[in-house]
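The values are calculated or read from the model by the stated rules, or taken from the named source; none is laboratory data. Since the structure is predicted, the reported quantities are computational estimates derived from the model, not experimental observations. Methodologically, a virtual Cβ is constructed for each residue, glycine included, from the backbone with ideal geometry; neighbour enumeration extends over all protein chains shown.
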Amino acid sequence: MNDIIRQLMNHRSIRKFTDEKLTADEVKVLIEAAQMAATSSYLQAYSIIGVTDGEKKKALREISGQAYVEENGHLFVFVADFYRHQLMSERLGEKIDDYLGATESFLVGTVDASLAAQNMAVAAESMGFGICYIGSLRNDMQQVIEILELPEHVYPLYGMVVGHPADKGSQKERLPFEHIYHENGYDSSDYQEEIAAYDAAIMAYYRERTDGKRADKWSEQVIGMLSQKTRLDVDDVVKKQGFLKQ
């Protein structure tokens, strides 16, 4: 196992950081590493917003509900971005409205940003930083758009906090290899048994981590979350920004 794979296998979310901020050079390296990710058809359909303003970080923390949105080494917000493409189309006198309104552009922007984000995560961990993705910024996408002054054809996906770890965090076991990897077609023949075994492993993880105060099953935790009506505004906000109109 080489050092890169060992690092990937050791990933865990870090939610407590020291007060030390990332330097401008460190931020630049992380952005440049993110930019070297694969991008669909060379569109580079994303931007990364660094948030250093105290009031804006506080407002984003209130949306997220997570203290580490404000207390970190640096906060990045990844956005799908076709605004620059719209400007180019106007300059060249070509219409791209049909593409921007299609589901494909929504997927391309989301995937491009996510590939860049994962590049940044790997780069940050290789530099000794801890990271945590912040999907809870989608608790109020419209407010995030207003706080970050995002133009049309741009929508926020998630944040990423990066910083010097104040603790080691803990690593949750992932689903079994056989549950994730399928050859030549989708095979769900052993799903119930595999999920039951995974539930038992996750219950043991929570018992150990909480000294017996918590023993969640993964399946109950996940289905409990998915059964709730959350973030129902996302569809309207994305359409307001110029996507999913067809």
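Tell me, please, whether a residue that is more than 20 Å from Glu146 (Cβ to Cβ) and either among the polar types (S, T, N, Q) or at pLDDT below 95 (or both) can be found in region 46-62.
Scanning region 46-62 turns up no residue that is more than 20 Å from Glu146 (Cβ to Cβ) and either among the polar types (S, T, N, Q) or at pLDDT below 95 (or both).
Give just the number: which of (1) farther than 22 Å from Gln142 by Cα; (2) of a type in the set (Lys, Arg); (3) touching a residue at least 12 places away in the same chain (Cβ under 8 Å) does Lys57 not satisfy?
All conditions are met except number (1).
Of the numbered conditions (1) within 19 Å of the chain's Cα centre (by Cα); (2) assigned to a helix (DSSP H, G or I); (3) more than 12 Å from Tyr46 (Cβ to Cβ); (4) touching a residue at least 40 places away in the same chain (Cβ under 8 Å), Leu107 satisfies every one except a single condition; which is it?
In the conditions (1) within 19 Å of the chain's Cα centre (by Cα); (2) assigned to a helix (DSSP H, G or I); (3) more than 12 Å from Tyr46 (Cβ to Cβ); (4) touching a residue at least 40 places away in the same chain (Cβ under 8 Å), Leu107 misses (4) alone.
Of the numbered conditions (1) surrounded by fewer than 15 Cβ atoms within 10 Å (Cβ to Cβ); (2) in contact (Cβ under 8 Å) with a residue 40 or more places away in the chain, Gly163 fails exactly one; give the number of that condition.
Condition not satisfied by Gly163: (1).
For region 172-246, list the helices (runs of 4 or more DSSP H) that sit wholly inside it and hold at least 3 residues that are surrounded by fewer than 13 Cβ atoms within 10 Å (Cβ to Cβ), assigned by TED's automatic domain parsing to the domain that holds Ile14 and of a type in the set (Gly, Ala, Ser); which are they?
In region 172-246, no matching helices (runs of 4 or more DSSP H) lie anywhere.
Residues are listed down the side, and each one gets a yes or a no for (1) in contact (Cβ under 8 Å) with a residue 60 or more places away in the chain; (2) of a type in the set (Val, Ile, Thr); (3) buried (at least 18 other Cβ atoms within 10 Å of the Cβ):
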{"position": "Ser64", "(1), (2), (3)": "yes, no, yes"}
{"position": "Glu70", "(1), (2), (3)": "no, no, yes"}
{"position": "Ala80", "(1), (2), (3)": "yes, no, yes"}
{"position": "Ala102", "(1), (2), (3)": "yes, no, no"}
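Looking only at residues in region 22-55 that are among the polar types (S, T, N, Q) and more than 21 Å from Leu115 (Cβ to Cβ), which one is farthest from the chain's Cα centre (by Cα)?
Among them, the one singled out is Thr23.
Phe82: under 18 Å from Asp19 (Cα atoms), aromatic (Phe, Trp, Tyr) and modelled with pLDDT of 95 or more, yes or no?
When the stated conditions are applied, Phe82 does not pass them.
Do you know which residues across region 27-67 are in a helix (DSSP H, G or I) and either of a type in the set (Val, Ile, Thr) or in contact with a strand residue (DSSP E or B) (Cβ under 8 Å, 6 or more places away or on another chain) (or both)?
Val27, Val29, Leu30, Ile31, Ala34, Lys57, Leu60, Ile63, Ser64
Taking the criterion of being of a type in the set (Phe, Trp, Tyr), surrounded by fewer than 21 Cβ atoms within 10 Å (Cβ to Cβ) and at pLDDT 95 or above, would at least one residue in region 119-129 satisfy it?
Checked against the condition, which is being of a type in the set (Phe, Trp, Tyr), surrounded by fewer than 21 Cβ atoms within 10 Å (Cβ to Cβ) and at pLDDT 95 or above, region 119-129 yields no hits at all.
Would you mind stating whether Pro151 is assigned to a loop (DSSP other than H, G, I, E, B) and in the same structural domain as Thr23 (by TED's automatic domain parsing)?
yes
Please tell me if Arg174 is basic (Lys, Arg) and touching a residue at least 60 places away in the same chain (Cβ under 8 Å).
Criteria not met by Arg174.
Can you tell me how many residues in region 6-40 are small (Gly, Ala, Ser), more than 22 Å from Glu70 (Cα to Cα) and loosely packed, with under 14 Cβ neighbours inside 10 Å?
1
Determine the pairs where a residue that is closer than 28 Å to Ala215 by Cβ, located within region 178-196, has a partner that is at pLDDT 90 or above and of a type in the set (S, T, N, Q) with Cβ atoms under 6 Å apart, the partner being 6 or more residues away or on another chain.
The qualifying pairs are Ile195/Ser219.
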